[in-house]
1. Would you pick out the residues in region 15-26 that are open to solvent by 10 Å² or more (accessible area, probe 1.4 Å) and more than 16 Å from the ligand (Cβ to nearest atom)?
2. Kindly indicate whether any position in region 283-295 is away from the ligand (no atom under 14 Å from the Cβ), surrounded by 13 or more Cβ atoms within 10 Å (Cβ to Cβ) and not in a loop (DSSP other than H, G, I, E, B).
3. Residue by residue through region 369-401, note down the ones that are open to solvent by less than 40 Å² (accessible area, probe 1.4 Å), in contact (Cβ under 8 Å) with a residue 40 or more places away in the chain and not hydrophobic (A, V, I, L, M, F, W, C).
4. In region 468-495, which residues are in a helix (DSSP H, G or I), closer than 22 Å to ASP542 by Cβ and open to solvent by 20 Å² or more (accessible area, probe 1.4 Å)?
5. With the condition kept exactly as written, say whether any residue in region 84-96 is more than 12 Å from the ligand (Cβ to nearest atom), farther than 27 Å from PHE214 by Cβ, touching a His at 6+ places or on another chain (Cβ under 6 Å) and open to solvent by 10 Å² or more (accessible area, probe 1.4 Å).
6. What pairs can you find where one residue is in region 55-66 and hydroxyl-bearing (Ser, Thr, Tyr), the other is within 6 Å of the ligand (Cβ to nearest atom), and their Cβ atoms are less than 6 Å apart, with a gap of 6+ or different chains?
7. Just to be sure, is ALA118 within 13 Å of the ligand (Cβ to nearest atom), within 34 Å of the chain's Cα centre (by Cα) and in contact (Cβ under 8 Å) with a residue 60 or more places away in the chain?
8. Those residues that are of a type in the set (S, T, N, Q) and over 28 Å from ASN658 (Cβ atoms), I need them from region 575-606; list them, please.
Amino acid sequence: MSTISTARHGDILIISSNNPPVNALGIAVREGLVAGIEEADRDDAVKAVVIICEGQTFFAGADITEFGKPMQMPMLPMVVDIVENCTKPVVAAIHGTAFGGGLEVALASHYRVAVPNAKLGVPEVKLGLLPGAGGTQRLPRVAGVRKALEMAATGNPIGAKEAYDCGLVDKLIEGDLLQHAVAYAEEVKDSRPLPKSSERDQKLEEARANPGLFDEFRAANARKFRGFDAPEYNVRAVQAAVDKPYAQGVLDERRLFMELMSGTQAKAQQYFFFAERKASKIEGLPEGTSPRDIRKVGVIGAGTMGGGISMNFLSAGIPVTIVEMQQEALDRGTGVMLKNYQATAAKGKMSAEQVGQAMGLLTPTLKLEDLADCDLVIEAVFENMDVKKEIFGKLDGICKPGAILASNTSYLDVDEIAASTSRPRDVVGLHFFSPANVMKLLEVVRGRETAPDVLVTAMQLAKRIKKVAVVAGVTYGFIGNRMLIPRQTQAMQLLLEGATPAQVDKVYTDFGMPMGPFQMADLAGVDIGWHRDPGRVENIRDALCAADRWGQKKSAGFYDYDEKRRPAPSPAVQEIIEQFRVKEGVQPREISDQEIIERTLYTMVNEGAMILEGGFAQRATDIDVVWIYGYGWPVYRGGPMFWADTEGLKKIVEGLRNQQERLGPDFKLSPLLVSKAEAGEKLSKV
Ligand code: T1G
């Protein structure tokens with residue numbers, strides 16, 4: 001079955017692509033497209049052409065699996081020029097997602113028709129790139145400069161209706177796409193001259209009259225684009241379309257594209273594209289394991305996590321029964337959920353009706369027994385093993401056979417929790433990240449006895465509630481939090497030895513993280529896990545808690561916070577740290593940023609390698625997905641494992657060996673990390 005086939009409908013030539021799963025524009029597709037256009041040009045009986053795709057979508061872009069490999073002719077820029085220079089009108093018939101190179105083929109076509117639920121976009125910037133087949137030059141000429149700028153620099157697609165309104169789509173098609181596209185081709189077959197996008201200039205006038213438009217756009221998106229290379233390159237390429245004739249603009253586009261393609265950020269973001277998709281695959285499961293049916297969910301605990309977790313299911317149309325011990329706590333929890341929904345609606349992201357529908361699916365109760373007919377129950381109470389085991393023991397007696405019992409524990413032993421029931425095969429960890437209705441990551445903790453269909457159910461459910469799920473094994477803190485421990489421990493130790501919270505955090509924000517260890521501790525709460533005894537001060541964190549510095553919620557933690565919650569270095573904290581140094585007999589010294597990186601980021605990488613050695617993560621890419629979706633690791637650095645390879649494993653091992661003494665007696669260098677460094681192999685490929 002060739003990927004591209006042609007057929008005749010009267011005097012219309014249909015060029016049809018069938019390259020599942022997403023009609024990526026791989027070499028066979030490119031060759032087929034060129035052959036199809038040449039056939040149309042050659043045959044006088046052909047009066048017009050329709051390009052259409054079978055399967056789920058129109059061309060979803062260049063074939064990303066070909067990146068980094070030797071280029072094969074014809075390259076996509078040549079293919080799109082051949083389409084545009086066809087002597088017969090070419091109509092692109094769009095369904096699904098016309099993305100990247102796919103939209104560039106459509107832009108080179110003389111006309112575009114689309115079904116109403118189609119999406120059109122140039123997401124290349126999300127791969128650290130820009131549209132490199134004329135897209136940055138044709139899109140502003142067809143859709144306008146502002147629209148092109150927004151689409152290219154953010155990578156966010158637009159719907160067919162919006163595309164129609166801005167002139168990117170010529171006709172919206174209700175009903176059979178091929179039939180209507182052929183009818184449209186019949187309508188335009190004799191119309192001349194052919195409307196070539198590259199020759200359209202009128203829509204560039206607005207920007208020529210207002211050259212400040214680009215700097216305004218840069219300023220408006222500075223925060224969002226911080227640290228990324230590609231957005232600025234996209235802006236420059238679209239600007240070239242305004243400032244230069246098409247023939248020169250595409251040369252700029254090509255140069256800018258190649259610069260990005262050869263950069264580390266593009267490699268990191270393309271690595272992450274596949275890492276995210278690999279995460280949903282579970283190794284070692286029996287073929288054809290089918291998921292259990294989840295129609296009703298129970299949540300125990302209406303606190304910050306319980307409320308956020310419930311909102312995910314309500315927003316997905318799944319009824320939730322939420323349980324609390326006291327009415328006051330229950331009312332407070334459901335009240336916060338409603339407020340959060342109303343805040344989302346106020347931003348225009350939900351209608352009031354949708355808020356009503358979601359909250360309408362919620363059943364608050366004080367009775368655990370009301371969870372008897374739930375298909376899944378998620379426990380989200382505070383982090384105490386005895387409390388969790390007691391609850392699971394009760395659920396064991398209450399819940400129907402086949403119900404999945406899940407814990408939202410962030411650290412604790414899921415096997416031990418499962419052992420408090422007579423059905424450990426039905427027990428799994430579902431570790432959501434705060435705020436649970438916002439954060440995309442879900443760690444699915446696979447217990448020793450967790451049944452295959454429970455895992456498959458969890459992964460599938462994650463997709464339904466728009467989460468990216470990663471399978472983790474049972475180890476203290478699973479993947480993300482386990483790697484956080486050495487980082488936080490060393491960060492605290494560095495304070496004692498001479499660093500300040502601001503110095504350590506600046507290393508992280510310069511690195512591209514939204515915040516450093518101490519700002520994060522203040523956000524999460526310095527008192528999380530604190531023993532609550534102000535009289536017992538064994539470390540700087542105890543001293544802060546004893547001084548009621550619990551973080552942002554107290555406007556005081558490692559930083560002082562103003563009414564807008566902006567952090568400022570705190571003389572009181574400096575005083576506490578100095579008192580502690582005296583108490584511990586530690587003479588402060590100059591601490592370099594490199595030492596902070598070695599003792600906090602290198603140790604994280606080392607811990608990640610040990611997680612892989614222990615089999616607590618299926619693959620290194622999963623660790624990177626966890627850190628990017630759960631802890632704000634900048635995607636343009638690919639995640640801790642990918643970054644380690646770019647930083648250099650030898651350099652990391654050497655750095656850790658240099659710091660061995662300061663890392664303390666418990667620190668262990670990962671044999672896997674050392675062996676990969678010595679072999680010159682990549683950790684991210686494990
Ligand atoms: N190339 C190769 N494989 C691709 C692919 C692509 N462009 N897009 C998807 N796949 C694979 C994916 O890895 C997965 O494989 C399967 O298809 C299903 O994908 C010159 C340079 C289209 C919205 O960035 O956004 O054009 O895991 O799970 O949720 O200007 O895929 O099953 O083995 O994501 O239904 C620009 C990328 C390329 C679009 C479908 N295009 N794709 O989502 O399925 S750069 C993109 C997507 C470019 C030119 C430049 C989504 C989708 P597997 P999936 P989905």
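1. Within region 15-26, just SER16 meets the criteria.
2. The answer is no, given that none of the residues of region 283-295 is away from the ligand (no atom under 14 Å from the Cβ), surrounded by 13 or more Cβ atoms within 10 Å (Cβ to Cβ) and not in a loop (DSSP other than H, G, I, E, B).
3. Within region 369-401, ASP375, GLU379 meet the criteria.
4. Looking only at region 468-495, we keep the residues that are in a helix (DSSP H, G or I), and these are 480-495.
If we keep only those that are closer than 22 Å to ASP542 by Cβ too, we end up with 481, 484-495.
Result: ILE485, PRO486, GLN488, THR489, MET492, GLN493.
5. no
6. Cβ pairs passing all conditions: THR57/VAL22; THR57/THR97.
7. yes
8. Filtering region 575-606 for residues of a type in the set (S, T, N, Q) gives 579, 587, 592, 594, 600, 603, 606.
Answer for region 575-606, where residues must be of a type in the set (S, T, N, Q) and over 28 Å from ASN658 (Cβ atoms): just GLN579.
The values are calculated or read from the model by the stated rules, or taken from the named source; none is laboratory data. These numbers come from a predicted model, not from an experiment. Using ideal geometry, Cβ is built from the backbone for each residue, glycine included, and neighbour counts are taken over all protein chains shown. Heavy atoms of the whole protein, side chains included, go into the accessibility calculation; ligands, DNA and RNA do not. Shrake-Rupley method; radii C 1.70, N 1.55, O 1.52, S 1.80 Å.
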